[in-house]
Amino acid sequence: MSVKPIRLFGDPVLRMRAREVTTFDKELRTLVKDLTDTMLDAPGAGLAAPQLGISLRVFTYHVAGETGHLINPDLTLTEEEQDGPEGCLSLPGLRYDCKRAHGTVARGFNMHGDPVVLEGTELLARCIQHETDHLDGIVFIDRLDAEQRKAAMKAIREAEWAGEAVPRVKVSPHSTFGRAI
């Protein structure tokens, strides 16, 4: 099992648009496994690569007993909306009602580079939209109305995890020959 630390709100990587995946190799498959293991251990309905500090357009999901992943997602949303509770592993313990499209069709790739279409409604649609937002540097509280967002920011400031140091990543002084993520 390869459970990794989850980056918390305030970490700059959560606010950056992640890069497109262009190489479908062993490192990418390891990333998908790490994301899946970490998500299931948390436990969560989804987890995006930026939440592990990796700026790549990859996320995993676990909804209604189905576990999977999507790379470089492109979403088509229904006009019908849903409003319901949403939380985030990068904002532990916080949940707020958030408007989302009721359904989505997500096109992307699996870890082997094969095209994938993922269709979902309700919770799966919410998860796909939430994780794709992470890949665009958007956190779900950005989608709340002004009053809820103000309450969320107050809860974040008062949370026991607020202000924890951002994990430091050592960069090797040696060439990785393009093999590092």
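On a straight-distance basis, which lysines could pair with residue 99 in a cross-link, Cα separation under 17 angstrom, same-chain partners fewer than 8 positions away excluded?
150
Which aspartates and glutamates does residue 154 reach when only Cα atoms under 19 Å apart count, and residues fewer than 8 places away in its own chain are ignored?
Excluding near neighbours in sequence, the set is 11, 86, 97, 142, 145, 164.
Just for the chain, what percent of DSSP beta bridges are antiparallel, to the closest 5? Kindly include the intermediate steps, with their values, before the conclusion.
Details: 28 of 29 bridges.
DSSP beta bridges in the chain are roughly 95 percent antiparallel.
Mind checking which lysines have their Cα closer than 21 Å to the Cα of residue 4? Skip sequence neighbours fewer than 8 apart in that chain.
Within reach: 26, 33, 170.
Run the simple label-point estimate for residue 102 and residue 78 please: 7 Å along Cα→C-beta, distance reported in nm.
0.5
Only Cα pairs within less than 10 Å get springs; with that Gaussian network setup on the chain, which residue of 98, 127, 88 has the largest fluctuation?
So, out of 98, 127, 88, the one fluctuating most is 98.
With a bin width of 10 angstrom, please list the P(r) values of the chain as percents of all Cα-Cα pairs, from the 0 bin to the one holding the largest distance.
Values per bin, smallest distances first: 10, 37, 37, 14, 2, 0.
Restricting to Cα pairs below 8 Å that are 6+ residues apart, what does the relative contact order work out to for segment 1-118? Please round to a whole percent.
On the way: 219 pairs, mean separation 28.6, N = 118.
For segment 1-118, the relative contact order is 24 percent.
Before I look further, what does the chain give for accessible area per residue, probe 1.4 Å, in whole square angstrom?
With the other protein chains kept in place, the chain gives 56 Å² per residue.
When you have a sec, figure out the Kirkwood radius of segment 83-139 from all distinct Cα pair distances and drop it here in Å to one decimal?
12.4
Based on the alpha carbon coordinates of segment 26-90, what radius of gyration and maximum Cα-Cα distance (Dmax) apply, in Å?
Just the Cα atoms of segment 26-90 yield Rg and Dmax of 12.7, 39 Å.
Can you send over the carbon and sulfur percentage of the accessible area for the chain, probe radius 1.4 Å, protein chains only?
Details: 5260 of 10100 Å².
Here it works out to 52 percent.
The values are calculated or read from the model by the stated rules, or taken from the named source; none is laboratory data. What you see is a predicted model, and the numbers here were worked out from it, not measured in a lab. Here Cβ is always computed from backbone atoms with ideal geometry, including for glycine, and neighbour counts include all displayed protein chains. Calculation scope for accessible area: heavy atoms of the full protein, side chains included, ligands and nucleic acids excluded. Shrake-Rupley method; radii C 1.70, N 1.55, O 1.52, S 1.80 Å.
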